[in-house]
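Report on one structure; see the data block that follows.
The values are calculated or read from the model by the stated rules, or taken from the named source; none is laboratory data. No experiment lies behind these values; they were computed from the predicted model shown. We place every Cβ from the backbone using ideal geometry, glycine too, and count neighbours over all the protein chains shown. SASA here: full protein model, heavy atoms, side chains in, ligands and nucleic acids out. Shrake-Rupley method; radii C 1.70, N 1.55, O 1.52, S 1.80 Å.
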Amino acid sequence: MSIPISTSLQSTLASEHMEHRPSTRKNRLVFISLLAVGIGMLISVVAKLLISLINLVTNISFFGSFSLAHATPQEHHLGPLVIIVPVIGGLIVGLMALYGSRAIRGHGIPEAMEQILTNNSKIKPTITYLKPLSSAIAIGTGGPFGAEGPIIATGGALGSTLGQLLKISHQERKVLLAAGATAGMSAIFGCPIAAIFLAIELLLFEFSAAAIFPVALACITGAAGHHFLFSSAPVFAIDHVIGTPSNTALFLYSVEGILIGLLSVAVTKIVYWLEELFEHLPIHWMWWPAIGGLAVGIIGYFHPNTLGVGYNNITDVLSGSLSLKVIGLLFLFKFLSWAIALSSGTSGGTLAPLLTIGGAAGALTGLALQHFFPQLDISVSLSALIGMSAMFAGASRALLTSILFALETTGQVNALLALLAACSIAYFISLYLMEHTIMTEKIARRGVKTPVTYTPDVLEHYQVKEVMSNEALLISDENPIADVKKWLDQHQDDHANYFIVTGTDNTLKGVVSSSSLRSEHHDQEKYIGSLIKRKSAWVRTNDPLKTAVEIMLQFDMDLLPVVDNKQEVVGTINYKNIMTAYKNVQNATEHKQIHISLKRQTLKLLAKGNRLIYRSQHRQNSGNQ
């Protein structure tokens, strides 16, 4: 029998299937995807119910009729009494927040983000009915909000609640939350692709098949629900085809992106400045929505088109047929009404108001461009569409979502290049001038840090063989316990928590903990192999580090043996090795080096030229001789 020795281990061959490895997630992916589809179907019905409820509250509040028919507050005949209606709505929302849940306040997406980042995607089940009900009251009584925020919050709460009822991981619950939220957006607007990217940019903070596939299925289901329950036509249909802009016009549309980007920064800062003013009011926050409702009512009395959802305002602006005065008043007073109401802490969405404000600003820019550059084919409709999308991109920094949303909701594919240019510029300006967005500022003030990059997972990028140690302490299973303990006492430098036990042929037998080995309760004459109690845990060299970490967590071990296809131990991996991988990535990211030196290349060219000249002169001189 041998004593424990420190063995130098050879490299492994190609890996084979690991029997103990965490089971493939394909079955889990199918299961979560089926749940996502179910959520998409349910939230489509909820979206229809929400719109019907908004119509009901609108008809009762402004027309005194109990009807589910589509109605807009802009057509009311209440006169000055219209000022009181949003106040009553705000008071009801305040009471619901006080005695129901404060989580119904706000526009939905930031609240969902906060639960994902801080609470393992667990949203109170009461939000599934309190949020749509409170939003329907706020919007139906004239609140200048969209239905998309409430349905996103409701869908997220529905997905989260289902995830809390089932035995699933918090990662899977996050996927269900995002699936419900974006399926709701898709059900309202019929924009499945934009909804998928909304999940990526604002909710999931990752791009993986396990997350994207269920969300995509939910969004497709939501879009199908939109076509079945609402309409198959684009939500913001334009009655003419927008032509492809010329290069000069494209440049001017890009300049428009700068203006809208600056405007998006200003809009965001003003909203949160107003919110700070509300927080300094010497009255309970329950009354704030009523105060915001008073401002909505006063503005709505003079400018009725600022009341309610106002999707028709977006369509009218995109048509390019409104006058300069109408667009200017809509831009100014819709912004004031929305900013004050949102800052008061009532319930409603931000997307529709941002689209209205951005579209109006874009239309104003288009009219100005037509005036100063009459020779160019500037389209007011395209300029309004750019303004709408760039405002969304700048305020929320959801770049791809804003572009795809504009394309899907209008069907104007010729606008793609102009949208890409303007939205990218608006996004950059927002990124440069603002630390947080309209979606993240509120939760950032509460100390919640939002991810800003979606870098590849280091644990997936590295393989075990790249960081494992080829030097390992192996103990033969035929060594007596007393001999091993004596050897360890003579080598006090070894403080491992676990020791790898192998057979005489170097094959893995198991792992023994240090506490078990040094216990005095064992028969000291027994072999080490008798101490192997725990299930064998190991990894192969070609496994990703993520697999190693999962097994370490599963077996509560800080060291794993690495084996080849013959189950022979070829190395070990521990947490220090894994931290080395992170350090390598960090160093590679921060390391700056010039790989092509222009100076060196210039000197090489000069030297080569001098040699050619010298050879040419030498041949010429030889010929003359």
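Assorted remarks:
- Strands (runs of 3 or more DSSP E) contained entirely in segment 464-546, each with at least 1 residues that are modelled with pLDDT of 65 or more and over 48 Å from the mean Cα position of the chain (by Cα): 471-476
- Hey, Lys131 open to solvent by less than 20 Å² (accessible area, probe 1.4 Å), among the charged types (D, E, K, R) and either more than 30 Å from the chain's Cα centre (by Cα) or closer than 24 Å to Glu201 by Cβ (or both) or not: yes
- From the options Pro245, Pro234, residue that is open to solvent by less than 50 Å² (accessible area, probe 1.4 Å) and either in contact (Cβ under 8 Å) with a residue 40 or more places away in the chain or acidic (Asp, Glu) (or both): Pro245
- Ser169 being without any contact (Cβ under 8 Å) to a residue 12 or more places away in the chain, out of contact with any strand residue (DSSP E or B) (no Cβ under 8 Å at 6 or more places or on another chain) and more than 21 Å from Thr356 (Cα to Cα): yes
- Members of segment 294-308 found to be hydrophobic (A, V, I, L, M, F, W, C), open to solvent by 30 Å² or more (accessible area, probe 1.4 Å) and assigned to a loop (DSSP other than H, G, I, E, B), listed by number: none
- Segment 544-556 - residue that is of a type in the set (A, V, I, L, M, F, W, C) and surrounded by fewer than 18 Cβ atoms within 10 Å (Cβ to Cβ) and, of those, nearest to Ser169 (Cα to Cα): Leu553
- Total residues in segment 404-417, condition among the aliphatic types (A, V, I, L, M) and surrounded by 24 or more Cβ atoms within 10 Å (Cβ to Cβ): 2
- Residue match in segment 44-55 (condition: without any contact (Cβ under 8 Å) to a residue 60 or more places away in the chain, over 34 Å from the mean Cα position of the chain (by Cα) and assigned to a helix (DSSP H, G or I)): no
Yes/no matrix, rows are residues, columns are (1) closer than 30 Å to Thr440 by Cβ; (2) of a type outside the set (A, V, I, L, M, F, W, C); (3) open to solvent by 10 Å² or more (accessible area, probe 1.4 Å); (4) touching a Ser or Thr at 6+ places or on another chain (Cβ under 7 Å):
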position	(1), (2), (3), (4)
Val57	no, no, yes, yes
Ile60	no, no, yes, no
Phe66	no, no, yes, no
Gly89	yes, yes, no, yes
Ile92	yes, no, yes, no
Gln115	yes, yes, yes, yes
Asn119	yes, yes, yes, no
Ser135	yes, yes, no, yes
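- Looking across segment 272-283, the residues that are more than 16 Å from Ile443 (Cα to Cα) and open to solvent by 90 Å² or more (accessible area, probe 1.4 Å) come down to His280, Pro282.
- Between Lys325, Lys269, the distinction of being surrounded by fewer than 18 Cβ atoms within 10 Å (Cβ to Cβ), of a type in the set (Lys, Arg) and without any contact (Cβ under 8 Å) to a residue 40 or more places away in the chain belongs to Lys325 only.
- Residue among Ile212, Ile109, Ile116, Ile104 that is among the β-branched types (Val, Ile, Thr) and at pLDDT 85 or above: Ile212
- Within segment 201-219, the set of residues being open to solvent by 50 Å² or more (accessible area, probe 1.4 Å) and either within 28 Å of Ala421 (Cα to Cα) or not in a helix (DSSP H, G or I) (or both) comprises just one member, Phe207.
- Scanning segment 94-112 for residues that are in a helix (DSSP H, G or I) and either open to solvent by 10 Å² or more (accessible area, probe 1.4 Å) or touching a His at 6+ places or on another chain (Cβ under 6 Å) (or both) turns up Leu95, Met96, Leu98, Tyr99, Arg102, Ala103, Ile109, Glu111.
- Qualifying residues in segment 68-87 (those that are part of a helix (DSSP H, G or I) and modelled with pLDDT under 90) - the one most open to solvent (accessible area, probe 1.4 Å): Glu75
- Evaluated against (1) over 30 Å from Ala482 (Cα atoms); (2) at pLDDT below 70; (3) in contact with a strand residue (DSSP E or B) (Cβ under 8 Å, 6 or more places away or on another chain), Lys592 falls short on exactly one condition, (3).
- From the list Thr356, Thr350, Thr346, the lone residue that is under 25 Å from the mean Cα position of the chain (by Cα), open to solvent by less than 30 Å² (accessible area, probe 1.4 Å), within 14 Å of Ala295 (Cβ to Cβ) and among the β-branched types (Val, Ile, Thr) is Thr346.
- Residue in segment 163-175 that is touching a Gly at 6+ places or on another chain (Cβ under 7 Å), basic (Lys, Arg) and open to solvent by 10 Å² or more (accessible area, probe 1.4 Å) present: yes
- Residue list for segment 418-462, filter: open to solvent by 20 Å² or more (accessible area, probe 1.4 Å), at pLDDT 90 or above and hydroxyl-bearing (Ser, Thr, Tyr): Ser424, Tyr427, Tyr432
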